[in-house]
Amino acid sequence: MPRIKIAPSILSADLSEVNKEIKEVEKYADLIHVDIMDGIFVPPTTVDAEFVKTIKTKVPLDAHLMVHEPSLSYLKSFIDAGAYSITIHEEACKNPAKQLEFIRRSKIKSAVSIKPKTPLEKIKKYLGMVDMVLVMTVEPGWAGQKFISEAMQKVRELRKLKPNLDIEVDGGINPYTARIAFDEGANVFVAGTSIFGKKDRVAAIKEIMDALK
Ligand code: DX5
Ligand code: ZN
């Protein structure tokens, strides 16, 4: 299995002081997860590429686009803003291959995500063009929801199919659920509330890491 990566999600951080918030977790984070919501694919609206540009960190930025039919120029704005990886949603795109190929050609990491009710079948044809698959463990749109364990079946099947692929889980991840997902084959763990919801963020990350030992 590929290396374990912890990706604090800044959705639960104080975005008016995002660089200060990131500084706190920087040493212990493998990725910084940035949730982009468009108000169409999911009801809320969050940050845009202009905001991403203001993030100053050496930690790679993992942009999770909950965006309906992102255009190639829209994707480019995140690449120019410094994204290390871009995740698009299978359900949001008519032909996800178009976006995935563009991301790949731009020499950054590409990923596709599926919501809890979307079967793995839907993305099997894209597995050759992605560096990572994000299996959502809550309905996308909000932090602080409960982990949906039914998604674990997809993680298990995907790990069997792709022993070296990065498999990311996002939603309701805490030390306990991270361990469940890890045992099924996930290796990239997004956590918002269970890190930024705590006073001591470093201790919160360490708790997740300890649960994966
Ligand atoms: C939800 C977002 C998540 C969110 C997770 O749609 O994709 O990244 O920040 O938050 P928690 O960890 O609180 O479930
Ligand atoms: Zn996310």
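The values are calculated or read from the model by the stated rules, or taken from the named source; none is laboratory data. Remember, it's a predicted structure, so these values are computed and weren't measured experimentally. We place every Cβ from the backbone using ideal geometry, glycine too, and count neighbours over all the protein chains shown. Side chains are part of the model used for accessible areas, which takes the heavy atoms of the whole protein and leaves out ligands, DNA and RNA. Shrake-Rupley method; radii C 1.70, N 1.55, O 1.52, S 1.80 Å.
Tabulated data
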| read-out | value |
| --- | --- |
| Selection from the stretch 182-206 of residues that are closer than 24 Å to Leu61 by Cβ and either touching a His at 6+ places or on another chain (Cβ under 7 Å) or open to solvent by 80 Å² or more (accessible area, probe 1.4 Å) (or both) | Val190, Lys198, Asp200, Lys206 |
| Count of residues meeting criterion [in a helix (DSSP H, G or I) and closer than 15 Å to Pro60 by Cβ] in the stretch 1-20 | 1 |
| Residue within the stretch 116-124 that is within 16 Å of ligand 2 (Cβ to nearest atom) and either within 17 Å of the chain's Cα centre (by Cα) or open to solvent by less than 10 Å² (accessible area, probe 1.4 Å) (or both) present | yes |
| Filtered residue count, the stretch 159-181, keeping only those that are open to solvent by 40 Å² or more (accessible area, probe 1.4 Å) and either at pLDDT below 95 or of a type in the set (A, V, I, L, M, F, W, C) (or both) | 2 |
| Residue satisfying condition, being under 26 Å from Leu127 (Cβ atoms) and of a type outside the set (S, T, N, Q), within set Val52, Val42 | Val42 |
| Residue list for the stretch 59-109, restricted to those being aromatic (Phe, Trp, Tyr) and either open to solvent by 10 Å² or more (accessible area, probe 1.4 Å) or without any contact (Cβ under 8 Å) to a residue 12 or more places away in the chain (or both) | Tyr74, Tyr84, Phe102 |
| Criterion: under 15 Å from the mean Cα position of the chain (by Cα), at pLDDT 95 or above and away from ligand 1 (no atom under 13 Å from the Cβ) - qualifying residue of Ala49, Ala29, Ala63 | Ala29 |
| Test set (1) touching a strand residue (DSSP E or B) at 6+ places or on another chain (Cβ under 8 Å); (2) free of Cβ contacts under 8 Å to residues at least 12 places away in the same chain - Asp170 fails condition number | (2) |
| Residue selected from the stretch 136-158 under the condition β-branched (Val, Ile, Thr) and within 18 Å of Val42 (Cβ to Cβ), by the criterion most open to solvent (accessible area, probe 1.4 Å) | Ile148 |
| Number of positions in the stretch 173-213 that are closer than 20 Å to Val34 by Cα, of a type in the set (Gly, Ala, Ser), free of Cβ contacts under 8 Å to residues at least 60 places away in the same chain and within 16 Å of ligand 2 (Cβ to nearest atom) | 3 |
